[in-house]
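Comments concern the structure below.
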Amino acid sequence: MRSRVEIVAELSASGTTALVRLRAEGQLAVRATGPGRVHLVGTAAGPLGGDELEVLVRVGAGAHLAVHGVAASLALPGAGGSPARALTRLDVGDGASLHYAPGPLVVCRGARLRTSTVIALAGSGRADVTEQVVLGRFGEPGGDWTGRVVADRDGHPLLRTTQDSALLATARVPPDERPVRAVVTRLELDDGTDVGPGAATTGGAVRCPLAGGCLLVTALGGDLSTALRDVAALAGRADLADPDAGLP
């Protein structure tokens, strides 16, 4: 199955954010739930092996948008054994801001999934992006997952990072050295005016300052709630601390 979501927000003549395009087909639906706020809603099981999912979000200059998920998605094995692929592209214009926090993605036993998130900022655009991956449902091992994140500002690289389930399978998290079952990443891409906090660690999480006042927080956990808690403890900005708050 091929699924595609397109969300476009622009600054209106009155100075408010207008949702000028909301389109979805396949496994996801998109719903406007408030001014400058959208929720993604699953309408079918998946992604299954061989499925292709594309989410495109564009925030025009000066606009402000928050995109959230309603529930977890389950990546499941397909009949042919080929991997499912999911591409998320987030384009944020000059002076615009995007808060992107879809629901958790559970990679079930036997599933194969390749995810890619590409973020392009222009000028003083800002983005706060949180991704949650859980390896397996309760009591089962996880599937085969590889996730890549690419972030640029005005065509200049800010971040290139890749994670995969094979590497995570070798890790253990304190204090009881449990195997890793969840990974949460939060990428705060500021406009360069705030240098942000320094490097730090807590539990299974690490905070890494990036160029231009940007920040990457990554947490490995024996469960999702622990990883989310550790990410929140190291988040760099008070105004972005609530994952349901959106950007001003």
**Message:** What FRET efficiency comes out for Leu159 versus Glu52 if R0 is 30 angstrom and r is the Cβ-Cβ distance? Round to the nearest 0.05.
**Reply:** 0.80
**Complete:** Note on the chain: alpha-carbon gyration tensor, axes a ≥ b ≥ c; rule is a/c under 1.5 for rounded, else prolate if a/b larger than b/c, else oblate; result oblate
**Prompt:** Taking the chain as a Gaussian network, Cα atoms linked when under 10 Å apart, which of Glu188, Glu52, Glu140 shows the biggest mean-square fluctuation?
**Reply:** Glu140
**Complete:** So, over other residues within a Cβ distance under 10 Å of Pro141, counting Lys, Arg +1 and Asp, Glu -1, the net charge is +2
**Asked** Tell me, what is the percent relative contact order of segment 1-140, built from C-alpha pairs under 8 Å that lie six or more residues apart?
**Response** 21
**Asked** When DSSP beta bridges are limited to those with both residues in segment 2-170, what percentage is antiparallel, rounded to the nearest 5?
**Response** 30
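By count of other Cβ within 10 Å, fewest leading, how are Arg207, Arg89 ordered? Provide the component values of the computation, followed by the final result.
Working: Arg207 24, Arg89 16.
So the residues, fewest neighbours to most, are Arg89, Arg207.
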**Prompt:** Does anything in segment 133-152 have its amide N under 19 Å from the 7 Å Cα→Cβ label point of Arg114, and if so which residues?
**Reply:** 143-151
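Would you calculate a helix-derived [θ] at 222 nm for the chain, using -39,500 (n - 2.57) for each DSSP H run of n ≥ 4 and dividing by the full residue count, to the nearest 500?
-1500 deg cm²/dmol
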**Fill in**
Expressed in nanometres to one decimal, the distance between label points 7 Å along Cα→Cβ at Ser82 and Thr170 is 3.1
**Message:** Let's see if you can work this out: charge +1 on each Lys and Arg Cβ, -1 on each Asp and Glu Cβ, no other charges. What is the dipole magnitude of the chain about its Cα centre, in debye to the nearest 20?
**Reply:** 540
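Coordinate-derived values only; no laboratory data. Because the structure is predicted, anything quoted here is derived from the model rather than measured. FYI the Cβ positions are ideal-geometry reconstructions off the backbone, even for glycines, and counts take in every protein chain you see.
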